[in-house]
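Only one structure is covered here, and it is reproduced in the block below.
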Amino acid sequence: MWTFDLPLEPTYHTRPMPNGWSKPRDLAKLAEMRARFEFEIPLGDLPGIPAEFSLADGPVRVWLQFARERGVPVADVKVQAVLKPQCQRCLGEMRLDIASESHVAVVDSEAQAANVAEETETFLAADGHGTLAALAAEELLLSLPIVPRHAAGESCLEATTGAVNVLPAAPAAPAAPGATLVPEEKQRPFADLRALLEKGRN
């Protein structure tokens, strides 16, 4: 859901050329143009994605809508992806559906970032330039769990490393015909203690 009030002039729509998402762009200029991008990008072309989240079922879908608010370039960034990390509980492959959207302010310094509204994410572009891939990557990173695990109700086998299997006791063998059964002596853990006490009284 885009939150910008579009101007009367036409918005600039485009699809980046192959690998165009990795080309540095003047983000302030894109904000002035109210440029909007929609494209699919291979997960491997997004910078900074951790190795444990490097596998995906298909490309990452990206939507970017630029604008300007109170003199600051901003963008609505939306990503959708299906990742295939390893579950850290069962060590099996899992499906991780990503559908994330944020309102982002493009800032050129940490000081400027401190003045951004708390509910708004920030993207640091020191010289005012940045790549579309980097914007998408930051949004995807915000959606990743700290530890990938199957959700409750999903198929997940508990890891058994170090588990101890306790086997049931074997049934006693039947007595031979004519044999005399000797009752098993009961264990009396306090018998020796009582004897020692009585000995001490004497």
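The values are calculated or read from the model by the stated rules, or taken from the named source; none is laboratory data. Everything numeric in this text was worked out from a predicted model, so none of it was measured. Don't worry about glycine lacking a Cβ; one is built from the backbone with ideal geometry, like all the others, and counts go over all protein chains shown.
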Every listed condition ((1) farther than 22 Å from R149 by Cα; (2) charged (D, E, K, R); (3) in contact (Cβ under 8 Å) with a residue 40 or more places away in the chain) holds for E52 save (1)
Quick count over segment 112-140, residues being more than 16 Å from V79 (Cβ to Cβ), not polar (S, T, N, Q) and not in a loop (DSSP other than H, G, I, E, B), is 4
The residue from V60, V74, V107 that alone is touching a helix residue (DSSP H, G or I) at 6+ places or on another chain (Cβ under 8 Å), within 26 Å of H150 (Cβ to Cβ) and among the aliphatic types (A, V, I, L, M) is V60
Counting only residues in segment 112-147 that are without any contact (Cβ under 8 Å) to a residue 60 or more places away in the chain and under 13 Å from the mean Cα position of the chain (by Cα), the one surrounded by the fewest Cβ atoms within 10 Å (Cβ to Cβ) is identified as I146
Restricting segment 1-13 to residues that are exposed (fewer than 15 other Cβ atoms within 10 Å of the Cβ) and aromatic (F, W, Y), the one modelled with the lowest pLDDT turns out to be W2
Across segment 92-111, the tally of residues that are farther than 22 Å from K78 by Cβ and not small (G, A, S) stands at 4
If you go through V74, V79, V104, the only one that is touching a Phe, Trp or Tyr at 6+ places or on another chain (Cβ under 7 Å) and under 23 Å from A31 (Cβ atoms) is V104
Log entry, pairs with first residue in segment 20-37 being under 14 Å from D108 (Cβ atoms), second being among the basic types (K, R), beta carbons closer than 6 Å, six or more apart or on different chains, reads A31/R68
